[in-house]
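Structure first, then comments.
The values are calculated or read from the model by the stated rules, or taken from the named source; none is laboratory data. Everything numeric in this text was worked out from a predicted model, so none of it was measured. Glycine also receives a Cβ, built like all others from the backbone with ideal geometry; neighbour counts cover every protein chain displayed.
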Amino acid sequence: MTIKDLTTRIAGFSTSQWIFCAGVFVFVVSYLVWSVWPKPAVDTKHFTETKPAVTAQKVSGPTLTVPLKVVPKSAVEKKFPEYKVAQNSVVVDTAKIPKAPNGGTTITATDTQTGETSTEFKPDPSPWLGFENQNYIGGGMEFNVDGTQKAKLYFKRDILRSKDLHLQVEIQGKCSINGIGGKCEGFVGPNLEWRF
């Protein structure tokens, strides 16, 4: 097909075909704008200062009756070279945070009798309603019972969630790879997933 053939075909579109094309264009442009919508970035190269869940206050009160147990600065800087312990600071605890898709909260406490510090983590529950903008791109193979074999590419985008129920839009294309099963085909539509 040449460009001239293509322009002749486009010029012959009916009103409903033009409306469909305009709708696809608006959808694609809207999607591209939404794709650059700021996402919370996860920085895996640096330590990030966190916001307190409850603000600490200076009070006259518990004092340590024993020396405070600290993690040696050299051990912290050897294990985490990107973290520099401030000159007048000591590290009293480190913690590995378990995987938590919704985030979570830590509490660090110091035992004034032993000088030991410990950190505990509580994952946040899934929100009742929230907007999402996570993208997935992938590919796969289908081996069907009728002997057809198809390669597929897909793009998915999470849009909305309620607790662990996620609504997403999927665009998928499949093509036969063994000559059986006809032409290439495409799919655009919503998916609803329960994630656990």
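Just to verify a result, which residue in the stretch 36-84, among those that are within 30 Å of the chain's Cα centre (by Cα), of a type outside the set (G, A, S) and surrounded by 10 or more Cβ atoms within 10 Å (Cβ to Cβ), is modelled with the lowest pLDDT? Checking each candidate, the answer is K39. Only a single item in (1) at negative phi; (2) touching an Asp or Glu at 6+ places or on another chain (Cβ under 8 Å) is not met by L129, and it is number (2).
Scanning the stretch 83-93 for residues that are within 21 Å of I107 (Cα to Cα) and of a type outside the set (G, A, S) gives Y83, V85, V90, V91, V92, D93. Within the stretch 103-114, the presence of at least one residue that is among the charged types (D, E, K, R) and over 29 Å from the mean Cα position of the chain (by Cα) is confirmed. Answer yes if at least one residue in the stretch 72-82 is part of a loop (DSSP other than H, G, I, E, B) and within 20 Å of D111 (Cβ to Cβ), and no otherwise. Yes, some residue in the stretch 72-82 is part of a loop (DSSP other than H, G, I, E, B) and within 20 Å of D111 (Cβ to Cβ). Out of all the residues in the stretch 163-196, which are within 30 Å of P123 (Cβ to Cβ) and either in contact with a Leu (Cβ under 7 Å, 6 or more places away or on another chain) or modelled with pLDDT under 85 (or both)? Hits for the stretch 163-196 are L165, L167, P190, L192, W194, R195, F196. Listed by first and then second residue, the pairs linking a residue in the stretch 125-140 that is without any contact (Cβ under 8 Å) to a residue 60 or more places away in the chain to a residue that is aromatic (F, W, Y), with Cβ atoms under 9 Å apart and 6 or more places separating them unless they lie on different chains, are Y136/Y154; Y136/F155; I137/Y154; I137/F155; G138/Y154; G138/F155; G139/Y154; G140/Y154.
To keep it simple, each residue is scored yes or no on (1) under 30 Å from A56 (Cβ atoms); (2) part of a loop (DSSP other than H, G, I, E, B).
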site: K99; (1), (2): yes, yes
site: T105; (1), (2): yes, no
site: G115; (1), (2): yes, yes
site: S118; (1), (2): yes, no
site: G138; (1), (2): no, no
site: E142; (1), (2): no, no
site: C175; (1), (2): no, no
